[in-house]
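Have a look at the structure below, then the notes.
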Amino acid sequence: MSDRIAIVTGGGSGIGRAIGLRLASDGNMVAIFDLDGDAAAATADTIVEAGGKALGVQVDVTDRANIDAGVAEVRSNLGRPTILVNNAGLSLDSPFLDITAELWQKSLAVNLTGTFDCCQAVLPDMLEEGWGRIVNISSSSFHSGSPGLAGYVSAKSGVVGLTKVLALEFGKHGVTVNTIPPGFIDTPMLRRTVEKGFVDLDQQTAKTPVGRIGQPEDIAATCAFLVREEAGYITGQVIGVNGGRNT
Ligand code: NAP
């Protein structure tokens, strides 16, 4: 059990919601940031109903002032955050030659710059405490590529690089930084790609060594371990959670 203060971005849905619930059930106070303020509040309410302490905040990770205001709200309502899970993400698809400047910039803004800005906003609290845990949710498409997702895969690959740099810069301050690249997790994001015909779940299940699609709780369990005290010797690592598809 832990009694730290955690921020989970994109915690109103899918993987982020499962991470928020799991960190709370492990004893942490959890701030849920999401573009959708009602969804953030709904996850926070679920935590509170189960006896935990949580705060839902409408935060767009592409807006630095909005992030800073959200972190300030966490400080005044819960205390100093020392766990940050950068999970908010968006996969915008387009054939490469049709990618517009707007789509490219948006893919980078949500998935990569949002992660950079949240790290910069929360790291001073971790340095002050001499302890911190950052987990960046990237994507297994960084291992394998994915047709039609140049912006998304480029951004997620950038998240892996950023993770390694931060691990080197902040290890001596008690802060670990790792990334989990999930593969095929059953969430609203995956269901949207199935509906568009980009992913065939039966085919993907057949290609997955453990013989099933992942669940948000699979990612939450790994994240819960990485933020614990005992994971302090793990940093700068890419911890794949993909049923064995990418090794
Ligand atoms: P999801 O169900 O769509 O959840 C993503 C959440 O992020 C949503 O609540 C979304 O809010 C929020 N969000 C999007 N843009 C945001 C922004 N600018 N600021 C704050 N919040 C924002 O997707 P998921 O599958 O759980 O994905 C979670 C993470 O895992 C993402 O980083 C994704 O790239 C990564 N991932 C997922 C899979 C998979 O198979 N599911 C595989 C590889 C990587 P709205 O709903 O309001 O947009």
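The values are calculated or read from the model by the stated rules, or taken from the named source; none is laboratory data. Since we're looking at a predicted model, the values are computed, not measured. No Cβ is skipped: glycine too gets one built from the backbone with ideal geometry, and neighbour counts run over all protein chains shown.
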> Going through region 109-134 one residue at a time, which ones are in contact (Cβ under 8 Å) with a residue 40 or more places away in the chain, more than 15 Å from the ligand (Cβ to nearest atom) and under 17 Å from the mean Cα position of the chain (by Cα)?
Replying inline: L123, G132, R133
>> Considering only residues that are modelled with pLDDT under 95, touching a Phe, Trp or Tyr at 6+ places or on another chain (Cβ under 8 Å) and not hydrophobic (A, V, I, L, M, F, W, C), which ones fall in region 183-216?
In response: Q204
> Only one of these conditions is not met by G12: (1) more than 16 Å from the chain's Cα centre (by Cα); (2) within 11 Å of the ligand (Cβ to nearest atom). Which number is it?
Replying inline: (1)
> Looking at this structure, is N28 within 23 Å of L127 (Cα to Cα), polar (S, T, N, Q) and away from the ligand (no atom under 16 Å from the Cβ)?
Replying inline: yes
> Quick one: in region 196-207, which of the residues that are within 14 Å of the ligand (Cβ to nearest atom) and among the aliphatic types (A, V, I, L, M) is surrounded by the most Cβ atoms within 10 Å (Cβ to Cβ)?
Replying inline: V199
> Of everything in region 69-84 that's in contact (Cβ under 8 Å) with a residue 12 or more places away in the chain and among the hydrophobic types (A, V, I, L, M, F, W, C), which residue is farthest from G37 (Cα to Cα)?
Replying inline: I83
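Examine region 173-182 for a residue that is at pLDDT below 95 and either under 20 Å from the mean Cα position of the chain (by Cα) or among the polar types (S, T, N, Q) (or both), and state whether such a residue exists.
Initial filter on region 173-182 (at pLDDT below 95): none.
No - not one qualifying residue is present in region 173-182.
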>> For a quick check of your reading of the model, give me the residue pairs whose first member lies in region 174-186 and is closer than 11 Å to N136 by Cβ, whose second is within 11 Å of the ligand (Cβ to nearest atom) and small (G, A, S), with beta-carbon atoms closer than 9 Å and at least 6 apart or on different chains.
In response: T179/S138; I180/S138; I180/G240; P181/S138; P181/S139; P181/S140; P181/S141; P181/G240
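For region 164-195, give me the residue count where each residue is in a loop (DSSP other than H, G, I, E, B) and either within 16 Å of the ligand (Cβ to nearest atom) or more than 25 Å from W131 (Cβ to Cβ) (or both). Even if it seems obvious, please write down each step before you answer.
First pass over region 164-195, keeping only residues in a loop (DSSP other than H, G, I, E, B): 174, 181, 183-184, 186-187.
Subset that is either within 16 Å of the ligand (Cβ to nearest atom) or more than 25 Å from W131 (Cβ to Cβ) (or both): 181, 183-184, 186-187.
Selection size over region 164-195: 5.
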> How do the pairs read when you match residues in region 135-156 that are farther than 14 Å from P182 by Cβ with residues anywhere that are of a type in the set (G, A, S), using Cβ under 7 Å and keeping only pairs 6 or more apart or on different chains?
Replying inline: G148/S94; L149/S91; L149/S141; G151/S107; A155/S107
>> Anything in region 216-247 that is part of a loop (DSSP other than H, G, I, E, B) and within 21 Å of F142 (Cβ to Cβ)? List them, or say none.
In response: I234, T235, G236, Q237, I239, G240, N242, G243, G244, R245, N246, T247
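Quick check on region 1-53: of everything there that is hydroxyl-bearing (S, T, Y) and closer than 16 Å to I219 by Cα, which residue is surrounded by the most Cβ atoms within 10 Å (Cβ to Cβ)? It would help to see each step written out before you state the result.
Keep residues of region 1-53 that are hydroxyl-bearing (S, T, Y), which gives 2, 9, 13, 25, 43, 46.
Imposing the further condition that a residue be closer than 16 Å to I219 by Cα reduces the set to 9, 13, 25.
Values: T9: 31, S13: 21, S25: 16.
Only one residue fits best here, namely T9.
Among the helices (runs of 4 or more DSSP H) lying completely within region 1-96, list those that include at least 1 residues that are under 21 Å from I185 (Cα atoms).
14-25, 37-49
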